[in-house]
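Heads up: the structure comes next, in structure tokens.
Just so you know, all these numbers are worked out from the coordinates, no wet-lab data involved. Being a predicted model, the structure only gives us computed values, none of them experimental. Glycine gets a Cβ as well: all are built from the backbone with ideal geometry, and neighbour counts include every protein chain shown.
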Amino acid sequence: MNISNLPEAEELDLVKRFRGGDLEAFRPLVTYYEPRLFAFLLQMLGNRENTLDILQETFLTVFQELPGWRSGFTGTTGHPLAPWIYRIATNKALTFLRKHSVRERYSDWQTHRTRERNIEREPAFPAQEHLSMEERYITRELLRMALLKLKTDEAICLIAHFIDGERYRETAERLGLSNEAVRKRTQRALIALRKASKELGLEVS
């Protein structure tokens, strides 16, 4: 089995085996989704340690709830588990962010600029590698301020569009939604991003 490109039919077969008591069938699902979820969550949380914690919590929830999972997937392509798993991960990340004040972290940067040394190891947004360390930090905090105001699917769409540069079709496949539904959610997310930018006196195109 080529885990780097897990076909949808094999994914469903693994779910069936897991539900039948074959716990080893869960391992290939983790192998496939782990790097994808890690990259996604890192963009939301901006911190490797926190990302690993949320990733672990996500897979624990998936393991516990997979026996009762029912596919609401309506897409013609994509992975049936993906919408469910991404929403679990996003909800956990949003809960984490809400427990940690973004405003406090932004203030900390202004007064203690040496606290976030690991920012140099964080991936830059597309086309933002030229920004200074401080500018990258502020932009990340701007993103997280916007995330706090969004619903789960809107948050996923914001990460997919603003950071990953995904097309609506790609995000639609990930979430099992129509292109139009993704477009509307992305627009609402970008409105929240612009509002957050105004609070910080920044501009977002």
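Things worth noting here:
- Highest mean packing comes first when the peptides 41-47, 186-192 are listed by Cβ atoms within 10 Å, giving 41-47, 186-192.
- Stretchable slack from F63 to E134, in nm (0.36 nm times residue separation minus alpha-carbon distance): 21.7 nm
- Summary of the geometry: region 1-71 and region 135-168, compared by the centres of their Cα atoms, lie 22 Å apart.
- Around P28: net Lys/Arg minus Asp/Glu count, Cβ-Cβ under 12 Å: -4
- Those lysines that a straight Cα-Cα span of less than 29 Å connects to K198, excepting residues fewer than 8 apart in one chain: K92, K99, K149, K151, K184
- Net +/- balance of residues flanking L6 in space, Cβ distance below 13 Å, scoring K and R +1, D and E -1: -3
- Phi-based couplings in Hz for region 184-201 (Karplus 6.51, -1.76, 1.60; Gly and Pro marked x): 5, 5, 5, 4, 5, 5, 5, 5, 5, 5, 5, 5, 5, 5, 5, 5, 9, x
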